1. Explain nothing, just the number: relative contact order of the chain, from Cα pairs under 8 Å at least 6 residues apart, as a whole percent.
2. To one decimal place, what orientation-averaged projected area in nm² is obtained for the convex hull of the Cα set of the stretch 109-179?
3. Would you mind getting the Kirkwood hydrodynamic radius of the chain from its Cα pairs, rounded to one decimal in Å?
4. Is the shape of the stretch 225-305 best called rounded, prolate or oblate, per the rule: a/c under 1.5 gives rounded, else a/b larger than b/c gives prolate, else oblate, with a ≥ b ≥ c the square roots of the Cα gyration tensor eigenvalues?
5. Just the Kirkwood number for the stretch 77-213, please: inverse of mean 1/r across all distinct Cα pairs, in Å, one decimal.
6. Once each part is reduced to its C-alpha centroid, what is the distance from the stretch 69-124 to the stretch 143-175 in angstrom?
7. Of 205/334; 133/185; 61/146; 133/184; 233/264; 61/117, which pairs sit farther than 32 Å apart, going by alpha carbon to alpha carbon?
8. Please give me the summed charge of the neighbours of residue 58: other residues whose Cβ is under 10 Å from its Cβ, Lys and Arg +1, Asp and Glu -1.
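Each reported figure results from applying straightforward, stated rules to the coordinates on display, with no laboratory input. Keep in mind the model is a prediction, meaning the values are calculated, not measured. For neighbour counting, all protein chains shown are included, and Cβ atoms are generated from backbone atoms with ideal geometry for every residue, glycine included.
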Amino acid sequence: MIRFEHVSRVFHNDGREFAAVNNVSLEIEKGEIFGIIGFSGAGKSTLVRCINLLERPTSGKVFIGDEELTAMSPAELRQHRKKIGMIFQQFNLFASRTVYDNVSLPLKGSNLTKEQKDKKVRDLLKLVELEEKASAYPSQLSGGQKQRVAIARALANDPEIILSDESTSALDPRTTRAILDLLKKVNRELGITIVVITHEMQVIKDICDRVAVMKDGRVVETGTVFDIFANPKEQITREFVENTSNMSRIYELVETKSPVVELKPGEAILRFRYLERNVSEALVSQLSRKFDLDLNIIFGSIELIGENPIGGLVVIAQGTSDNINKAIQYLKDKNVGVEMILDGRTA
């Protein structure tokens, strides 16, 4: 659906060059929700604005389907932009216009009759559950309601693609959840490809099918959301993943010598990472019986990504050194990631 071929976007400031996007090649499939994540300044927003050429690449090509946008005339590009909707962090609504008028604005100049426009606007307001707010003004709406209006407006021209640029960053967690659910509904019911730009891995986990991780203008890692969470390869990706879980607190507790991690002779602290899409096996009880171990769970996190469970445990294992080693090998054979956090064994 969307293809970048060696795209770069270079800015010049006071005689110096800055590559906001640096030689990115990437494909986004039709009908998926694709996430682009990175810290501030990573280049993610610039990359996404290259999709509709609001930022024209300094070099490289951008394709929508089989058509190259970077080779189009301004008139051709204007027509193609109508099929790409955008929603933003700050909503970008017209304060002097009602909700109805904000949603109908993209239809100005279309070939629809007045009755057809009215039906489309009211159908969109029904989709985003704001039918009763048609005559309200943005100042009378909550942040979540404003974003719903922005989503309805983005859908007015029947787009094939929606670009969501940090669209939940200004919202509280509960409202964020509702907006993400709405975007999933739009994707599911209308088949629209959605590209989500965010600096929050929780957003990626909640809504996306695949994700690209950006750093310093480059895409450093891509994959399904499950695979990225189960086995992040780059340090920056591991940082994003750790920030969505309490599991990483174990390192802080070890560093500060918390009483929680004080070990007795023969004990070790292990971290298990489930790497398979099925984590239903009763591994803790299996280890306890099979290798005569006492296992005290310090942290645990099992959650769903899509319909697949993923997570891990941090445990204090007590037993003979040999049995702990055998248990670690047993877990590795089952493709469970095992990390020795702290080793208090003497034999």
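1. 17
2. Result: a mean projected hull area of 5.6 nm².
3. Value: 22.9 Å, from the Cα pair sum.
4. Cα axes put the stretch 225-305 in the oblate bin.
5. Across the stretch 77-213, the inverse of the average 1/r is 15.2 Å.
6. If we compute the Cα centre of each part, the gap is 13 Å.
7. 61/146; 233/264; 61/117
8. 0
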